[in-house]
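Taking it in order: structure first as structure tokens, then the write-up.
The values are calculated or read from the model by the stated rules, or taken from the named source; none is laboratory data. Keep in mind that this is a model prediction, so the values were computed, not measured. So basically every Cβ, Gly included, is an ideal-geometry build from the backbone, and we count neighbours across all protein chains shown. SASA here: full protein model, heavy atoms, side chains in, ligands and nucleic acids out. Shrake-Rupley method; radii C 1.70, N 1.55, O 1.52, S 1.80 Å.
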Amino acid sequence: MLSHLPPGHVWYTTLDRNVYPEDPKSTKAVITKTALDQLLWAPAFSCVFFFFIHALDGHPEAALYAIRTKLGPMLLANYALWPAAHLVNFRFVPPSQRILYINAIQVLWSAYLSHLAARGMAPLR
């Protein structure tokens with residue numbers, strides 16, 4: 001997904017610089033970074049995902065309907081995986097390896113979304 005290209009690097013760098021930079025692996029820092037990621041980044045880039053998927057399909061106008069009807073279920077599925085992944089990310093993964101780690105988790109997330117799409121239940125289209 002787009003969130004782990006250069007904008008993802010900027011996002012994680014911003015979190016590291018601004019959220020408890022004096023103790024970046026403290027429990028408060030890890031929980032705050034995870035919460036910010038899930039409350040700000042996840043919804044924003046889920047919306048970007050819907051626009052991207054529908055634009056590739058030739059129907060960018062369908063993205064708004066998908067966001068209204070499918071963003072909630074997609075975020076619920078997101079919250080089953082990503083908070084735990086980010087607790088590990090922000091506590092144990094060095095910042096220089098963060099995007100690599102996130103992309104590895106993203107493979108699992110994409111496989112899950114593909115599985116749902118194949119069953120006709122995906123919050124994608």
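Of all residue pairs spaced 6 or more apart or on separate chains, those with beta-carbon atoms under 8 Å, a first member in region 1-30 that is farther than 18 Å from residue 42 by Cβ and surrounded by fewer than 11 Cβ atoms within 10 Å (Cβ to Cβ) and a second member that is at pLDDT 95 or above and among the hydroxyl-bearing types (Ser, Thr, Tyr) are 28/20.
Restricting region 65-102 to residues that are polar (S, T, N, Q) and within 13 Å of the chain's Cα centre (by Cα), which is nearest to residue 41 (Cα to Cα)?
It comes out as 78.
Do the conditions hold for residue 55, that is, is it within 21 Å of residue 6 (Cβ to Cβ), at pLDDT 90 or above, surrounded by 12 or more Cβ atoms within 10 Å (Cβ to Cβ) and out of contact with any strand residue (DSSP E or B) (no Cβ under 6 Å at 6 or more places or on another chain)? No: the conditions fail for residue 55. Of all the numbered requirements in (1) of a type outside the set (Ser, Thr, Tyr); (2) open to solvent by 30 Å² or more (accessible area, probe 1.4 Å); (3) touching a residue at least 40 places away in the same chain (Cβ under 8 Å), residue 80 misses one, and that requirement is (3).
The set of residues in region 33-52 that are surrounded by 13 or more Cβ atoms within 10 Å (Cβ to Cβ) and within 14 Å of residue 82 (Cα to Cα) comprises 33, 34, 35, 36, 37, 38, 41, 42, 43, 45, 46.
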